[in-house]
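Every number here is computed from the coordinates shown, using simple stated rules; none is lab data. Fair warning: this is a prediction, and the values are worked out from it, not measured in the lab. Cβ atoms come from the backbone with ideal geometry, glycine included; neighbour counts cover every protein chain shown.
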Amino acid sequence: MLTAGKRLAVFSIREGKGGSIWVRAGSAFVNKDGSLNVLLDVLPLDGKLHVREAADKRDGAQAAGGRFPADAGLESGLIGGHS
């Protein structure tokens, strides 16, 4: 459920030879009125983004159902200096 203050992860999902590759594209935050602020660090090549609840790095690949690069940035703090 989306509640005010919830931090979300934004991904661009690319299909590769070995399956889906999830690239961290930024973060999103839920506002009091239920709308979202989306802060992108990169732009997706295909124009598509996937937004989901942020997970800890240790179980991020399982929660998102895909492969993450080693530096996918799923730590529990804010990403890319956004505050």
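Please go through the range 5-23 and give me each residue that is within 13 Å of the chain's Cα centre (by Cα) and surrounded by fewer than 21 Cβ atoms within 10 Å (Cβ to Cβ), ordered by number. Passing the criteria: K6, R7, L8, S12, I13, I21, V23. Against the test of being out of contact with any Lys or Arg (no Cβ under 7 Å at 6 or more places or on another chain) and outside any strand (DSSP E or B), the options G5, G26 yield a single qualifying residue, G5.
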